[in-house]
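The values are calculated or read from the model by the stated rules, or taken from the named source; none is laboratory data. Fair warning: this is a prediction, and the values are worked out from it, not measured in the lab. Note that each Cβ is placed from the backbone with ideal geometry, even for glycine, and that neighbours are counted across all protein chains shown.
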Amino acid sequence: MFVIAILLVIAAVVLYFVGRSQESTGWRLGAAGALVTGLFSLIVSMVYVVSAYEVGVPVAFGKVGTPMTSGLHVKSPFTDVTTFSTRPVDLNLSDKDVVEVRSSQGGVMYAEVTVKWAVVPTKAVELYKLAGSADAIQQRLVYPDSREIVRNVFARYSSEQGYASDREKINAEIGTLIKDRLAPRGIDVTTVNLRNVKPSDALQDQIDRKIQQQQATERALEAARTAKADADRRRIEAEGIARANKILNDSLTDKVLANQCIDAYKEAASKNPVYAVPCGSGGSSPVIVDGTKR
């Protein structure tokens, strides 16, 4: 715009002198119009509007100025302004950008991560010096640092922790480290989301084999527990029978046996007139029970 303004002023001067030499009013009016247009273009080139949710970094002759906030600003015609959006931006590490990580055991996994970041307006000058543009901030700073931190964190955990048991802990650790890394550079990381962790095909085969081994071990342990319980039950039953037999054997004296014999044959003699049976010791002394006499 500044170059156009200069050209229009030069054109106005030329038209003025041509019109003066020819004493033509039309040339003079053309010169006046060119001059007005040139002055307007010069004023426009000195005004810059920073949109809402943006911050501008002015650069004049290689010198970086103070950040320009949203609103109308007056600048030198020789000043270029680079703007940065202050709205949050999502960096999605997925699909072709998915992060390949290795666990502490060497297992390969694929981590999908989303990093939500935004430019800190007061740090726009530092970011301009580091990156130069808004797109370069993500490609040169957020993208490589995030991938590096994701790999380093997963390398401290086992494969099982990485894809299953400790995913929330890993996500929190990644978020903290990315924020700490990028904050001094003027990048505010608001959210880090570990969306998915997928084992590689080789690691998935190892996981399946381990699960099968665990299931076989559990079945063997259950069978051993069942066999032990059954053996304990049979032992307890045998011990009970043995104790009962010992008690019975200790209580069956000759007198007790003779009395039980007499009682038994009394009951039998009640159905017969006379009943004789040997109930004495060793069967040598017969006992006669008369069923008619009670």
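Among the numbered criteria (1) among the acidic types (Asp, Glu); (2) touching a residue at least 40 places away in the same chain (Cβ under 8 Å); (3) assigned to a helix (DSSP H, G or I), which one does ASP180 miss?
ASP180 satisfies all of (1) among the acidic types (Asp, Glu); (2) touching a residue at least 40 places away in the same chain (Cβ under 8 Å); (3) assigned to a helix (DSSP H, G or I) except (2).
For region 141-171, give me the residue count where each residue is in contact with a Leu (Cβ under 7 Å, 6 or more places away or on another chain) and of a type in the set (D, E, K, R).
3
Of the residues that sit in region 117-144 and are under 18 Å from ASP95 (Cβ atoms) and touching a residue at least 40 places away in the same chain (Cβ under 8 Å), which one is farthest from the chain's Cα centre (by Cα)? Before the answer, list the steps.
To start, the set of residues in region 117-144 that are under 18 Å from ASP95 (Cβ atoms) comprises 138-139, 142-144.
Checking which are touching a residue at least 40 places away in the same chain (Cβ under 8 Å) leaves us with 138, 142-143.
Details: GLN138: 22, VAL142: 19, TYR143: 19 Å.
Checked region 117-144; the qualifying residue farthest from the chain's Cα centre (by Cα) is GLN138.
Just one of LEU93, LEU182 is over 28 Å from PRO67 (Cβ atoms) and touching an Asp or Glu at 6+ places or on another chain (Cβ under 7 Å); which is it?
When all the criteria are applied, what remains is LEU93.
Considering ASP80, ASP135, ASP95, ASP90, which residue is touching a strand residue (DSSP E or B) at 6+ places or on another chain (Cβ under 7 Å), surrounded by fewer than 14 Cβ atoms within 10 Å (Cβ to Cβ), at pLDDT below 90 and among the charged types (D, E, K, R)? Full working, then the answer.
On the way: ASP135 fails: touching a strand residue (DSSP E or B) at 6+ places or on another chain (Cβ under 7 Å); ASP95 fails: touching a strand residue (DSSP E or B) at 6+ places or on another chain (Cβ under 7 Å); ASP90 fails: at pLDDT below 90.
Testing whether each residue is touching a strand residue (DSSP E or B) at 6+ places or on another chain (Cβ under 7 Å), surrounded by fewer than 14 Cβ atoms within 10 Å (Cβ to Cβ), at pLDDT below 90 and among the charged types (D, E, K, R) leaves just ASP80.
Take VAL153 and decide whether it is modelled with pLDDT of 90 or more and more than 30 Å from VAL55 (Cβ to Cβ).
Yes, satisfied.
Looking at ASP145, is it charged (D, E, K, R) and in the same structural domain as SER200 (by TED's automatic domain parsing)?
Judged against the criteria, ASP145 is a match.
Against the definition (surrounded by 17 or more Cβ atoms within 10 Å (Cβ to Cβ) and at pLDDT 65 or above), how does VAL47 come out, yes or no?
In short, no.
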